[in-house]
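Derivation of every value follows stated rules applied to the coordinates shown; laboratory data play no part. All values derive from a computational prediction rather than experimental measurement. Cβ atoms come from the backbone with ideal geometry, glycine included; neighbour counts cover every protein chain shown.
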Amino acid sequence: MRAVVFERYGQPAEVREVPDPAPSEHGVVVRVEATGLCRSDWHGWMGHDPDIVLPHVPGHELAGVVEAVGARVTRHRPGDRVTAPFVCACGSCPSCATGDQQVCERQTQPGFTHWGSFAQYVALEHAEVNLVTVPEEMSFGTAAGLGCRFATAFRAVVQQGRVAAGEWLAVHGCGGVGLSAVMIAAAAGARVVAVDVSPQALELARTFGAAACVDASGTEDTAEAVRTLTGGGAHVSLDALGSPATCAASVNGLRRRGRHVQVGLLPSPTGTTPVPMARAVALELEILGSHGMAAHTYPPMMELVRSGALRPDLLVTSTIPLDAAPEALAAMGTAPGRGVTVIEPWS
Ligand SMILES: [Zn+2]
Ligand SMILES: [Zn+2]
């Protein structure tokens, strides 16, 4: 099969022939019809993820057709249209037993713990725990985002952030996850403030339902801007980018008893990121993390997509062939905020 491979961190990846994967006992191999380009892929390529072993094939938000199933897989068969959360759970650890597959203790992640979906085929583990059926009427390009950016945003806004209609929700960083969060929060009846350095990203945020925007490139204190626009601070705030500055701005833009949800990854040389905890104490803030979404919690989100209340298809701004993926991967670090790119490995 053809796949995007990199041998060294931060050095150009290339498209080349590699052996086809085979399914494990409980796993499947999926023919990749579409796979999204996510900032986490860029982090992996830069060497920020300790799980990655070189040479490596990135890619973790995918949709496609089951090509082959392992000997112990009975609920899926070749030809099934599927996607999967990027956190593939084991199904049997204590976290899985309590329904928290998104923090599985023996999780695998395509594109991180093993070769991913910037390829014509990808192997997925524990298929019966992780595969989500993609309805006939949903395109693979749309479904690909449900594996990471859209489901991650859904869990952050709805399950962890617990946003209610009429509340203010701030989104710091309007890339794929951030724009998804804007759309999901607006559909839930929240009033959304979008914060980004890119006017193009803010324009998209407005299209997806943001009530107010803060251009971070021309605003010295974005937290203060959010507090002013929301009459005292947001009820819920997401750092969808993942940087010390956006994390702090998200916490500082909250009102009393507000909820901060950290969604963007925060790699740092020291391994820790400063958080304004004095404010968290004084204002009784909640500081929450959000990590993907368990496959069994997909149905309410799938129903909102099916009904047209949520339109993840509108987030996709460009579709490229596999050959263009190495360059697009490298560009993720420098050109955020332009919507979502989907790779089609067979085009
Ligand atoms: Zn992702
Ligand atoms: Zn588990």
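Taking R0 as 45 Å, what's the FRET efficiency between Glu137 and Thr273 from their Cβ-Cβ distance, rounded to 0.05? Please list the in-between numbers first.
Working: r = 42 Å, r/R0 = 0.93.
Computed FRET efficiency for Glu137 and Thr273: 0.60.
Got a sec? How would Met332, Met46 order by Cβ neighbour count within 10 Å, fewest to most?
Met46, Met332
What's the extension gain from Leu265 to Arg206 if we count 0.36 nm per residue and subtract their Cα-Cα distance?
Contour length minus Cα-Cα distance gives 18.8 nm.
Could you give the dipole magnitude of the range 152-289 about its Cα centre, charging the beta-carbon of Lys and Arg +1 and that of Asp and Glu -1, in debye to the nearest 20? Present the calculation step by step, with values, prior to reporting the outcome.
Values: 10 positive and 10 negative charges, 93 e Å.
My answer is approximately 440 debye.
Once you sort the root eigenvalues of the Cα gyration tensor of the range 264-347 as a ≥ b ≥ c, which label holds: rounded (a/c under 1.5), prolate (a/b larger than b/c) or oblate (the other case)?
oblate
For labels at Glu284 and Arg72 in the simple 7 Å Cα→Cβ model, what's the distance in nm?
Rounded to a tenth, the inter-label distance reads 4.8 nm.
Trypsin sites (Lys or Arg not before Pro) within the range 34-115: which are DSSP loop residues with at most 16 other Cβ atoms inside 10 Å?
Passing both the DSSP loop test and the Cβ count: Arg72, Arg75, Arg106.
Kindly express, to the nearest 10 degrees and within the range 0 to 90, the angle between helix 298-307's C-alpha long axis and the longest C-alpha principal axis of the chain.
Long axis of 298-307 versus the principal axis of the chain: about 80 degrees.
Could you please state, rounded to a whole Å, how far the C-alpha centre of the range 246-271 is from the C-alpha centre of the range 138-191?
17
Based only on other Cβ atoms within 10 Å, what is the fewest-to-most ordering of Ile343, Ile320?
The fewest-first ordering by Cβ neighbours comes to Ile320, Ile343.
Residues with amide H under 5 Å of Leu238's amide H, sequence separation 5 or more or different chain, H placed in the peptide plane at 1.01 Å from N; which?
HN-HN under 5 Å from Leu238: Ala170, Val171, His172, Val261.
May I ask you to sort Ser307, Ser290, Ser237, Ser139 by Cβ crowding, counting other Cβ atoms within 10 Å and putting the fewest first?
Ser307, Ser139, Ser290, Ser237
At 222 nm, what helix-only mean residue ellipticity would the chain give, in deg cm²/dmol to the nearest 500, using -39500 (n - 2.57) for each DSSP H run of four or more?
Working: 12 runs with 88 residues, N = 347.
So the helix-based figure for the chain works out to -6500 deg cm²/dmol.
Just want the answer: with Cβ charges of +1 for Lys and Arg and -1 for Asp and Glu, which residue in Leu315, Thr341, Leu254 is farthest toward the dipole's positive end in the chain?
Selected residue: Leu254.
Let me know the longest stretch in the chain that avoids all GluC sites (Glu not before Pro) found in a DSSP loop with at most 13 other C-beta atoms within 10 Å.
In short, 138-219.
With each label point set 7 Å from Cα along the Cα-Cβ vector, what nm distance links Thr113 and Arg306?
3.0
Calculate the spin-label point distance for Asp215 paired with Thr319, positioning each point 7 Å from the Cα along the beta-carbon direction, and give it in nanometres.
Taking the simple label geometry, Thr319 and Asp215 are separated by 3.3 nm.
Which far-off residues, 5 or more places away or on another chain, put their amide H under 5 Å from the one on Val214, with H placed in the peptide plane?
It is Ala194, Val195, Asp196, by chain and number.
For Asp80, enumerate residues with amide H under 5 Å from its amide H, sequence gap 5+ or separate chain, H modeled in the peptide plane.
So Asp80 has HN proximity to Val66.
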